[in-house]
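Here the structure is laid out as structure tokens; the discussion comes afterwards.
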Amino acid sequence: MQPPRPPKIPLLARPPGTALVLVCLLGMVALWTTLCAISHSAPDLDGMEELVWAASLELGYTKHPPLPSWVMYFATQMFGRPVWLPFLMGQIFSALGLWFVWKLAREFTTPRKALMAVLLVSVTAYFSLRGTIYNHNTAQLWSVTASIWLFYRAVRKQQMRDWILLGVVSGLAMLTKYSALIQFAAFFLYLLRSGAWRTRRTWLGVGVATFGFLCVLSPHLFWLAQHHFEPLLYADHSLETSGRLAAWADLLAFSLDQAGRLAPMLLVLIACVFWRRRCADRAPGFPANDEHFEPDTRATRYWPEISAPDRQFLLWVGLAPFISTVAISALLGSRLEASWASTFFVLFGFFGMGYLRGPEGVQMRRVLILVVGLHIVMALGYAAARGPLATAMGKAARSTYPGPALAALAIQHWQAHQPGRPLRVVVSNTWLGGNIAIHTGTNTQVYIDASDEHSPWFAPGTALQCGALVAFSAAGRAAPAPAVQALYDAAPWKGTDNVQWSGPKGRVIDLHWAVIPATSNCLRGAAEPHG
């Protein structure tokens, strides 16, 4: 007689591993990217900006450091410039951020609790809805969460490899957005509070990390010095307000916005509480002999089960960015935008997980079901609101911007006046010019506001040598800069077309176009991006 087969352990009753985490993250990327690709006729403004800046590899740009644009450059080399690419890139960086939250959680808690922390924070707006927006805030999620994980390992284990990696990853975080300094300040505060700064090995590790940080950042620092620190001036200008009262009003709006963006996680936690009250700690649907949940059914919350030093780490490193930013803004009277807090809440899944209780296997299963369901509802709702509903209501949303129609008209006018010559340059602002360029060809670039400074992919003075199409729209979020208006006025061929925005109920875009002919100095490739 053969021995009896051991009982089958249900998938969700097993401790989760890398495979389940990757399935969840890939599912999130596929869900949000696919629905946004179907519902949007144009990317968001920041995504379009990255598509335009990806024309060349520069050491810096007038508004931001270069790393997200470098990544987009290589992505466009592989996929071209489809509308869906920024959505995919944003979600990839969101998933990478969650992956490093998982890596951190596995340092000090069980696999089930670690997965719950990842799932809970994944439904917050910065990893889900706004995770589709590929900008410097979203692109920084992975490097900030990776630096937190490496900082934890470096302080706890004092291995030189972790300190080196911390310096390198922190440098990449700064190459993404300068706001990474806020997270580094939280690291410093934690070193002071925990007493880790008193050890010689910590100071040696910080020195090694700083050296790696400067090695990564030094080319950009050189570029900053050569370009009069333009991104820093842009950041400083972004903080300006019309007065202290206006700054405090912005601060209140900023805080309320953050509460709204964290609300999906709160909904999951509330649902878990009601589910437990209704079903206790049982997992209906599994035969009793198949349930392999841990037998310890004490109804203690998970937060006290995390060691005191690790709770201290989570509180100081997780709360300091938001609290310090709000405090400094209130003190100085500076302006804050809601999206600037994208990386401030990456550890909040641990705080949410800390309020759960009961058998881990049961709670993990419930959290997984609730989170997957909420992701689907949010993604479907967002796609519907930004696509068919916006069109039906005639809302002038960027998601329904008629980029293909505008590009078709631009090509038609260009070919009528410059037959046989490919359109390589569109003179416009980033939004309208980008919408025309990405639907024209992979070699068509935007001469932003007719400025060499804003368009470093052209060698100075060469952008117009082989002709260009000028475009602006007074009623379509593309009013011309003075230099663009001057080129339009001087062009020999010009006109205006009306294009419907968001269906028959939408406003009309007045596309002002002009064709600048090629000069006698036009050489093959003269107006090609030099990067």
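Observations on the model:
- Summed over the residues of the chain and divided among them, the accessible surface reaches 44 Å² per residue at a probe radius of 1.4 Å.
- Computed from Cα atoms, the angle from the helix 141-157 axis to the main principal axis of the chain rounds to 40 degrees.
- The range 59-100: Cα Rg divided by the 2.2 N^0.38 Å rule of thumb: 1.26
- To the nearest 10, the accessible area of Glu305 is 90 Å² with a 1.4 Å probe.
- Exceeding the 31 Å Cα-Cα cut-off - candidates Lys177/Lys494; Lys177/Lys505; Lys63/Lys395: Lys177/Lys494; Lys177/Lys505
- Helix 18-39 axis, angle to the chain major axis (alpha carbon atoms, nearest 10°): 30
- Of the residues His375, Pro82, Ala249, the one whose Cα sits farthest toward the positive end of the charge dipole of the chain, with +1 on the Cβ of Lys and Arg and -1 on the Cβ of Asp and Glu, is His375.
- The amide H of Trp493, built 1.01 Å from its N in the peptide plane, has Val515 as neighbours under 5 Å, considering only residues 5 or more places off or on other chains.
- The chain: angle of helix 160-176 to the longest principal axis, Cα-based, in degrees nearest 10: 40
- Global form of the range 306-449, assessed from the alpha-carbon gyration tensor, a/c cut-off 1.5: prolate
- Mean residue ellipticity (222 nm) of the chain, computed from DSSP H runs ≥ 4 via -39,500 (n - 2.57), nearest 500: -19000 deg cm²/dmol
- Of all accessible heavy-atom area on the chain, the percent that carbon and sulfur account for (1.4 Å): 65
- Cα centroids of the range 365-385 and the range 485-511: 40 Å apart.
- In order through the range 178-188: 3J(HN,Hα) via Karplus (6.51 cos²θ - 1.76 cosθ + 1.60), integer Hz, x for Gly, Pro: 5, 5, 4, 4, 5, 5, 5, 5, 5, 4, 4
- Across the range 414-429, coupling constants 3J(HN,Hα) worked out from phi with the 6.51/-1.76/1.60 Karplus curve, θ = phi - 60°, read 5, 5, 5, 10, 9, x, x, 9, x, 7, 10, 9, 10, 9, 5, 7 Hz, and Gly and Pro carry x.
- Listed residues Lys395, Lys505, Lys63 arranged by accessible area, highest first, probe 1.4 Å: Lys505, Lys395, Lys63
- Value of D in µm² per second that Stokes-Einstein yields for the range 88-161, Kirkwood Rh from Cα pairs, at 37 °C (0.692 mPa s): 260
- Peptides 93-100, 507-514, ordered by how many other C-beta atoms sit within 10 Å of their residues on average, highest first, read 93-100, 507-514.
- Amide H contacts under 5 Å for Ala468, placed H, 5+ residues apart: Ile516
- Using θ = phi - 60° in the Karplus curve 6.51 cos²θ - 1.76 cosθ + 1.60, the 3J(HN,Hα) couplings for the range 217-227 round to 8, 4, x, 5, 4, 4, 4, 4, 4, 6, 10 Hz; x is entered for Gly and Pro.
- Rounded D (µm²/s) - the chain, Kirkwood Rh over Cα pairs, Stokes-Einstein at 20 °C, 1.002 mPa s: 84
The values are calculated or read from the model by the stated rules, or taken from the named source; none is laboratory data. Predicted model only: the values in this text are computed from it and were never measured. Glycine also receives a Cβ, built like all others from the backbone with ideal geometry; neighbour counts cover every protein chain displayed. Heavy atoms of the whole protein, side chains included, go into the accessibility calculation; ligands, DNA and RNA do not. Shrake-Rupley method; radii C 1.70, N 1.55, O 1.52, S 1.80 Å.
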